[in-house]
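The values are calculated or read from the model by the stated rules, or taken from the named source; none is laboratory data. Just so you know, these numbers come straight off a predicted model, no measurement behind them. We place every Cβ from the backbone using ideal geometry, glycine too, and count neighbours over all the protein chains shown.
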Amino acid sequence: MENNKVNAQIDITKEICPMTFVKTKLKLETMSSGQVLEVTLREGEPLINVPRSVEQEGHKVLDIHREEGDVFKILIERC
Amino acid sequence: MRLTEEQIYRYSRHILLPEVGGVGQEKLLRAKVFCVGVGGLGSPVALYLAAAGLGTLGIADSDQVDISNLQRQVLHYTDDIGKPKTHSAREKLQKLNPDVNVIVYKDLITMDNIRELVKEYDIVIDGSDNFPTRYLLNDACYFEKKTLISGALFQFEGQLSVFKTHKGGACYRCLYPEIPPKGMVPTCEEAGILGAVAGTIGTMQAVETLKEVLDIGEPLVDKLLTMNALSMSFNTVKITKDPECHLCGENPTILSIEEYKEHSCDIED
Ligand SMILES: [Zn+2]
């Protein structure tokens, strides 16, 4: 999944729920359909909730991988 | 108790109502109500009760005002960010109506203090945002024989009910025997709420409280009212008292206040 073209990035490692998803959602709203957003987030609540909320809004989670320590990166394709 | 000239003017619109009158207004001034939470639900509750001249209003909240509260928690203003919600609330309520004695509880409500708190009041209003507190209030009201005015919110939906278990009615546990398992489909969207929906349900909690104090009309006892703001539809279903209820049933297993823990992220009413 490394060959996905990333159109935008956002770092939400400093946010707490539900601001994690609020920031992600706002970023996705600025993008167009088919574009890919890379989200940097922390393990635990953000990693559990953000991908699920994103999918509930119809977007596609393309990839989730550990960056380092408890920091993860997820790739989201905007619907 | 004699209404002062000023009170007669202040409460004239109540006094004009055949169901209220001077006698009803005096009942309100003598009443003691405990509102748990001064957030989305508690704000309109406390505002309307204070405006109505509800004599003693206890308010409990251990949170501080956060900027994300202001979209719906109408007791708190931008200048209040960082202040304890109880202090911010008391300031506004006393300005609104100096007749009202506002008593604040800034500490967390726990299994150890809840019964003592509830004991002091006639009616308890649940303006909380989590199941552990709802169960705690339900159980305390059951043991202390108090009426509980319950409200809850979810996005564009709200629900409302009055529990009078001491009069033989159902309790909150008859309706929700257990804390719904977390993680079924909880998502961040669950923290979303249209502010005015909180205002609608909270205002209806205030209405039920005033009816209860005045002893007029028909309370929403053993009934659950649900509202969907998107379709603006209201539905009322009957709540049946559960003979198997762990608290108020025939063979109760909950014989004293217990602690309930639930993990929660920053989601509040
Ligand atoms: Zn029960």
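A few comments on the model shown:
- Condition met for B:Gln71 (more than 14 Å from the chain's Cα centre (by Cα), in contact (Cβ under 8 Å) with a residue 24 or more places away in the chain, within 14 Å of chain A (Cβ to nearest Cβ) and not in a strand (DSSP E or B)): yes
- If you go through segment B:195-236 and keep only what is within 16 Å of the ligand (Cβ to nearest atom) and either surrounded by fewer than 17 Cβ atoms within 10 Å (Cβ to Cβ) or within 14 Å of chain A (Cβ to nearest Cβ) (or both), you end up with just B:Lys223.
- One residue alone among A:Thr20, A:Thr30, A:Thr24 is among the hydroxyl-bearing types (Ser, Thr, Tyr) and more than 14 Å from every other protein chain (Cβ to nearest Cβ), and that residue is A:Thr30.
This table checks each residue for (1) away from the ligand (no atom under 15 Å from the Cβ); (2) buried (at least 21 other Cβ atoms within 10 Å of the Cβ); (3) within 14 Å of another protein chain (Cβ to nearest Cβ); (4) of a type in the set (Ser, Thr, Tyr).
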{"residue": "B:Asn113", "(1), (2), (3), (4)": "yes, no, no, no"}
{"residue": "B:Asp122", "(1), (2), (3), (4)": "yes, no, no, no"}
{"residue": "B:Ile125", "(1), (2), (3), (4)": "yes, yes, no, no"}
{"residue": "B:Tyr135", "(1), (2), (3), (4)": "no, yes, no, yes"}
{"residue": "B:Cys141", "(1), (2), (3), (4)": "no, yes, no, no"}
{"residue": "B:Thr147", "(1), (2), (3), (4)": "no, yes, no, yes"}
{"residue": "B:Ser150", "(1), (2), (3), (4)": "no, yes, no, yes"}
{"residue": "B:Phe156", "(1), (2), (3), (4)": "yes, no, no, no"}
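- The single residue among A:Lys23, A:Lys14 that is under 26 Å from B:Asn69 (Cβ atoms), of a type in the set (D, E, K, R) and over 12 Å from the mean Cα position of the chain (by Cα) turns out to be A:Lys14.
- Assessment of segment B:166-186 against the conditions (on the phi > 0 side of the Ramachandran plot and either crowded, with 19+ Cβ neighbours inside 10 Å or without any contact (Cβ under 8 Å) to a residue 24 or more places away in the chain (or both)) yields at least one matching residue.
Conditions (1) among the small types (Gly, Ala, Ser); (2) under 10 Å from the mean Cα position of the chain (by Cα), marked per residue:
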site	(1), (2)
B:Asp122	no, no
B:Gly127	yes, yes
B:Asn130	no, no
B:Tyr135	no, no
B:Ala140	yes, no
B:Lys145	no, no
B:Gly151	yes, yes
B:Gln155	no, no
B:Leu160	no, yes
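- When A:Ala8 is tested against (1) out of contact with any helix residue (DSSP H, G or I) (no Cβ under 9 Å at 6 or more places or on another chain); (2) of a type in the set (A, V, I, L, M); (3) away from chain B (no Cβ under 14 Å), just one condition goes unmet, and that condition is (1).
- Taking the listed residues B:Tyr105, B:Tyr48, B:Tyr9, the one that is without any contact (Cβ under 8 Å) to a residue 24 or more places away in the chain and among the aromatic types (Phe, Trp, Tyr) is B:Tyr9, with no other qualifying.
- Which numbered condition B:Met111 misses (of (1) within 22 Å of A:Pro18 (Cα to Cα); (2) touching a residue at least 60 places away in the same chain (Cβ under 8 Å); (3) not charged (D, E, K, R)): (1)
- For segment B:114-126, the set of residues classified as in contact (Cβ under 8 Å) with a residue 60 or more places away in the chain and farther than 15 Å from B:Val213 by Cβ consists of B:Ile114, B:Arg115, B:Leu117, B:Val118, B:Glu120, B:Asp126, listed by residue number.
- B:Ala152 being modelled with pLDDT of 95 or more, touching a Gly at 6+ places or on another chain (Cβ under 8 Å) and assigned to a helix (DSSP H, G or I): no
- Residues of segment B:167-206 satisfying the condition of being at pLDDT 95 or above, touching a helix residue (DSSP H, G or I) at 6+ places or on another chain (Cβ under 8 Å) and assigned to a helix (DSSP H, G or I): B:Tyr172, B:Arg173, B:Ala198, B:Gly199, B:Gly202, B:Thr203, B:Gln205, B:Ala206
- Residue in segment B:24-37 that is in contact with a helix residue (DSSP H, G or I) (Cβ under 7 Å, 6 or more places away or on another chain), closer than 29 Å to B:Ile216 by Cβ and in a loop (DSSP other than H, G, I, E, B) present: yes
- If the condition is being in a helix (DSSP H, G or I), of a type in the set (S, T, N, Q), in contact with a strand residue (DSSP E or B) (Cβ under 7 Å, 6 or more places away or on another chain) and farther than 13 Å from B:Gly37 by Cα, then segment B:76-104 contributes only B:Gln94.
- Of residues in segment A:38-74 being crowded, with 20+ Cβ neighbours inside 10 Å and over 18 Å from A:Lys14 (Cα atoms), the one nearest to the other protein chains (Cβ to nearest Cβ): A:Ser53
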